[in-house]
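Notes follow once the structure below has been shown.
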Amino acid sequence: MFKLTDNQEIGKELRMVVVDTIKELMKENDRVIALDADLGSASGWTSLEGSSKERFFNMGIAEANMVGVAAGLSLEKFVPFIHTFGPFATRRVFDQMFISGGYAGNTINVYGSDPGFAAGPNGGTHTTWEDVALMRMIPNSVICDAADEVQMAWIIREFSQMTGVHYVRGNRKAVHKVYEPGSTFELGKGNLLQEGTDILLVAAGQLVFETLLLAKRLSDKGYSVSVIDMFTIKPLDKQLLLEQANGKQVIITIENHSIYGGLGSAVAETLAENACAVPLKRIGVDERFGQVGTPAFLQEEFGLTVDKIEERVGL
């Protein structure tokens, strides 16, 4: 059961949420292993070495090898968690993830950090607008986009209980709080954050916060607005989506990702396959590469601040 927080301050850094959750899991289960690809300082994962040196491995700048090692650990009944930046965790290693992970039936839990505009000054080579699209192609994969620290900790803990290829994307740095501590969720089920009759907003990840702000602005204009946090992009909660789509004037998806292959595409596919004739507008990135800048500048540049989203929605 989840509850929205009234405290919308910037919370704890998500990288440390992941680290602290894995530390807890290591205490509970001696089969949990963590691997990083030469980003231990950037991710905070070097602190895992201090608490459990024999179960943390820095694999160097060899991401595909890291995936292969994780697959081997899975074969020996370990529970591997791996981390690197989002594009390196997906685009750079995709064949290894697909074959050694998915095809071989191994368990690999992946934290892909700094997706989309969160790449900041690392620039276009470190930017991923396509990570969800790629990971959706792996049969039976699970893909999540964490809205805040509470949801991220819950996802990491939930992944540790599952088998298969699981991917969660999220900023390394702190983001706005969305949920009250202690909130729980269900993989494959969206969270209906508010219910209305005119407009349906469907978002995931860091932009859930901006989506709630947008919903308030639209409500102030006289619209009745539903908001879904579709934190599990695969498997998508089709039932909730179709229930909330019924009778709406427009459906709007909002994502820190390309409009191709991500949340917007998953929603569009579901609506089309179920003959839902409600107009759809996808807010995301269209036919662009990443670039250098602060995350705040890039969020503005790619039209993903609440002001820019409101302009693009055009209501």
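The values are calculated or read from the model by the stated rules, or taken from the named source; none is laboratory data. As the structure is a prediction and not an experimental result, all values here were calculated from the model. Ideal geometry is used to build each Cβ from the backbone, glycine not excepted, and the neighbour counts take in all protein chains shown. We work out accessible area using only protein heavy atoms, side chains counted, and drop any ligands, DNA or RNA first. Shrake-Rupley method; radii C 1.70, N 1.55, O 1.52, S 1.80 Å.
Both numbers refer to the Cα atoms of the stretch 15-157; Rg and Dmax are 14.0, 39 Å. Amide H contacts for Tyr167 (H built 1.01 Å from N in the peptide plane; partners 5 or more residues away or on another chain; cut-off under 5 Å): Val110, Val142, Ile143, Cys144.
Looking at the stretch 37-83, the accessible area is 45 square angstrom per residue; that uses a 1.4 Å probe and ignores ligands, DNA and RNA. Normalising the average separation of contacting C-alpha pairs (under 8 angstrom, six or more residues apart) by the number of residues puts the relative contact order of the stretch 21-101 at 33 percent.
If I model the stretch 258-315 as equal point scatterers sitting on the Cα atoms and use the Debye formula, what is log10 I(q)/I(0) at q = 0.12, 0.15 Å⁻¹? Taken in order of the listed q values, log10 I(q)/I(0) reads -0.36, -0.54.
Please check: in the Gaussian network model of the chain (C-alpha springs, under 10 Å), which one of Thr90, Thr305, Thr253 has the largest mean-square fluctuation. Top of the fluctuation ranking is Thr305. Taking every protein chain into account, the accessible area of the stretch 244-315 amounts to 46 square angstrom per residue (probe 1.4 Å). Which entry in [x] 58, 38, 38; [y] 59, 49, 45; [z] 81, 47, 35 matches Cα extents along the principal axes in Å derived from the coordinates of this structure? Recomputing Cα extents along the principal axes in Å here picks out [x]. By the helix-only formula, in which each DSSP H run with n ≥ 4 contributes -39500 (n - 2.57) and the sum is divided by residues, the chain has a 222 nm mean residue ellipticity of -9500 deg cm²/dmol. Dividing the mean sequence gap of close Cα pairs (under 8 Å, 6+ apart) by how many residues the chain holds gives a relative contact order of 19 percent. As a calculated quantity, the FRET efficiency between Lys216 and Glu76 at R0 = 51 Å, using C-beta atoms, amounts to about 0.50.
Computed over protein heavy atoms with a 1.4 Å probe, the carbon and sulfur contribution to the accessible area of the stretch 166-315 reaches 49%.
Loop-located trypsin sites (Lys or Arg not before Pro) in the stretch 64-165 (DSSP state not H, G, I, E or B) with no more than 13 neighbouring Cβ atoms inside 10 Å: Lys77. The stretch between Glu28 and Tyr223 holds 65.4 nm of extra length on full extension. This uses 0.36 nm per residue minus the Cα-Cα distance. Subtracting the Cα-Cα distance of Glu301 and Lys12 from their residue separation scaled by 0.36 nm leaves 101.5 nm. Running a GNM on the chain with Cα contacts under 10 Å, which residue among Asn65, Asn109, Asn256 ends up with the highest mean-square fluctuation? Comparing Asn65, Asn109, Asn256 in the GNM, the peak value goes to Asn65.
Based on C-alpha pairs under 8 angstrom that are at least 6 apart in sequence, the stretch 51-140 has a relative contact order of 30 percent. Based on the alpha-carbon gyration tensor of the stretch 163-315 and its eigenvalue square roots a ≥ b ≥ c, which shape applies: rounded if a/c is under 1.5, prolate if not and a/b is larger than b/c, or oblate? Rounded, since a/c falls under 1.5.
According to a simple spin-label model (label point 7 Å from Cα along Cα-to-Cβ), what is the distance in nm between Asn274 and Asp38? In this crude label model, Asp38 to Asn274 measures out at 4.6 nm.
Highest GNM mean-square fluctuation, the chain, Cα pairs closer than 10 Å: which of Ser219, Ser41, Ser183? Highest fluctuation among the options: Ser41.
With a Förster radius of 30 Å applied to the beta-carbon distance between Asp286 and Met137, the computed FRET efficiency rounds to 0.90.
The chymotrypsin sites (Phe, Trp or Tyr not before Pro) of the stretch 280-313 that DSSP puts in a loop, and whose beta carbon has at most 16 other beta carbons within 10 Å, are Phe289. Available extension along the chain between Asp95 and Lys308 is 73.1 nm, counting 0.36 nm per residue and deducting the alpha carbon span. Counted by Cβ distance under 14 Å from Asn65, the other residues give a net charge of -3, where Lys and Arg count +1 and Asp and Glu count -1.
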